[in-house]
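> Pasting a structure here, questions to come.
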């Protein structure tokens, strides 16, 4: 198992590592269980599939950023929500805090702003947000890679930290097989604001791919994974073929050292213009930015 360690942060204790692994396992199983396969023509190649990260791999920028920005425009955020998000992110990302308490706080509050909302309400909003903010940000080059797998009779899954409901909409719009995303707890058709296990990130993605492979009868040695970030090394090293798409500097170095194919669809100017935050270990960083943008415009804040 590949584990990525972030510079400047303390090592996890054995208890914390065990807790992380357990949450990743739960998240992966929940994501595979929640994944709905599109009713498309049967895939002739039943044992091979492709798994695509979304943020900066399939889509320019972070899907959660655009999702949160769309929700902010629909007034799902309050100034208190944003202040809470900013404080959590400051502790986690700037101060480098990774205490168990802080990690649990970020995780447990990641989707607090939809607590009590009906699932169908969020799904309907997600459909609109995709059309308004995301459709034009799909990388045509990456989309063509996915189509090549479909044309070869293989199934294609998105694997992303974005909520599985939104991830499924993206997959449906692109004509893909389905999506593995972050699963939220739902009671009586409404979100509780809590996650099931963990965000779909790092090891959680690998666990989700394992779970869907077992369910669908896939041979992982015949599968391909695509990502832009070293955060996805657990998924990339799980399959037979790994491809770095629009890679960050660390993944580019890893890809070169391992002889992986590198695809880069960016231009220098475009890459600079779309420097939208990606979702790493910090939960809903895009939501923070999106909420701040919306509130700044409404309240004429100077920052």
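Bear in mind these aren't lab numbers, they're just calculated from the coordinates by the rules spelled out. Because the structure is a prediction, the values reported are computed rather than measured. Reconstructed Cβ throughout: ideal geometry from the backbone, glycine too, with neighbour counts over all protein chains shown.
> What's the ranking of 239-247, 54-62, 185-193 by average number of surrounding C-beta atoms within 10 Å, highest first? Mind showing how you got there, number by number?
Working: 239-247: 21.8, 54-62: 26.7, 185-193: 14.1.
The densest-packed peptide leads the list: 54-62, 239-247, 185-193.
> Turning to a different aspect of this structure: Compute the separation of the alpha-carbon centres of the range 168-188 and the range 226-240 and state it in Å as a whole number.
20
> Can you give the extra length, in nm with one decimal, that the chain gains between residue 214 and residue 253 once fully stretched, where that is 0.36 nm per residue apart less the Cα-Cα distance?
My answer for the length gained is 10.9 nm.
> For residue 45 and residue 173, compute 0.36 nm times the residue count separating them, minus their Cα-Cα distance, and round to one decimal in nm.
Stretched fully, the residue 45-residue 173 segment lengthens by 43.8 nm.
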